[in-house]
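**Student:** My structure is below; once you've seen it, I'll send some questions.
The values are calculated or read from the model by the stated rules, or taken from the named source; none is laboratory data. The shown structure was predicted, so the numbers you read here are calculated from the model rather than taken from an experiment. Glycine gets a Cβ as well: all are built from the backbone with ideal geometry, and neighbour counts include every protein chain shown. Heads up: the accessible areas ignore ligands, DNA and RNA and are worked out on the full protein's heavy atoms, side chains in. Shrake-Rupley method; radii C 1.70, N 1.55, O 1.52, S 1.80 Å.
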Amino acid sequence: MSNQEVGKAVAALLEQVRAIQARGIDREALREIVGLLEKLAERRDFFNFASFPPPAASEGKTATRYRLNDDGDDSPTLYLNSLLPGKKTVPHNHETWAIIVAVEGTEFNRVYLRTDDGSDPEFARLQLEREVTVQPGSPIAFLGDDIHDIRVEGDRPTLHFHLYGRPLEALSGRYGVQPDGKLQNYNRNQMEPSTPVVYA
């Protein structure tokens, strides 16, 4: 397996994703994209902990996000995330559609309904809608206004694809919801930089 082969596989997937996105994204389109991404997740010769190692707990990190393409601020962007046990997030939206497909490990998701009217730009009221265990064969998909949080438990890190309609780095309207309902800009307050992957 060469790094260039990985790059070609990622590029081929994203070409198909862009064609679907051009027709319009709804939940049916997301299911179609999920199927494509699950096939890529089966390429364990490409995507594994040896090639994409988890973060070093000794350095105080709980997450490493590998950015697998850079096709501009308006193009679908694929990341490979490795999270350590203990990693968790506040409830947050994505501003664009998003899909999580597992290669290895388990991530617990809680999906919320926003029950306030959205009139207060600094506050949201959430109600738990469902819980989803994301693991190999059990993906999850979101539209831009959907809200979820994640946590990783146990003793194994994760290795999961996160695919977004636009790169995370280009999104300014993502918000996180604090336990008291106060909103904060998610990227500015919660997101660490991605690690770009170069296909030499």
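**Student:** I'd like the accessible area for residue 192, computed on protein heavy atoms only with a 1.4 Å probe and all protein chains in place. Round to 10 Å², please.
**Tutor:** 100 Å²
**Student:** Could you pull out which residues in region 121-149 have an amide N less than 12 Å from a spot 7 Å beyond the Cα of residue 156, following the Cα-Cβ vector?
**Tutor:** Within reach of a label on residue 156, which here means backbone N under 12 Å from a point 7 Å along Cα→Cβ, region 121-149 contributes 135-137.
**Student:** Run lengths n ≥ 4 of DSSP H only: what is the helix-derived mean residue ellipticity at 222 nm for the chain, with -39500 (n - 2.57) per run over all residues, to the nearest 500?
**Tutor:** -6500 deg cm²/dmol
**Student:** From the protein chains alone at 1.4 Å, what is the descending order of accessible area for 149, 74, largest first?
**Tutor:** Descending accessible area places them as 74, 149.
**Student:** Treating only the Cβ atoms of Lys and Arg (+1) and Asp and Glu (-1) as charged, compute the dipole magnitude of the chain about its Cα centre; round to the nearest 20 debye. Display every interim value, and only then the final one.
**Tutor:** On the way: 23 positive and 30 negative charges, 68 e Å.
Its charge dipole is roughly 320 debye.
**Student:** Angle between the Cα long axis of helix 3-23 and the longest principal axis of the chain, 0 to 90 degrees, nearest 10?
**Tutor:** Taking Cα atoms only, the helix is inclined about 50 degrees.
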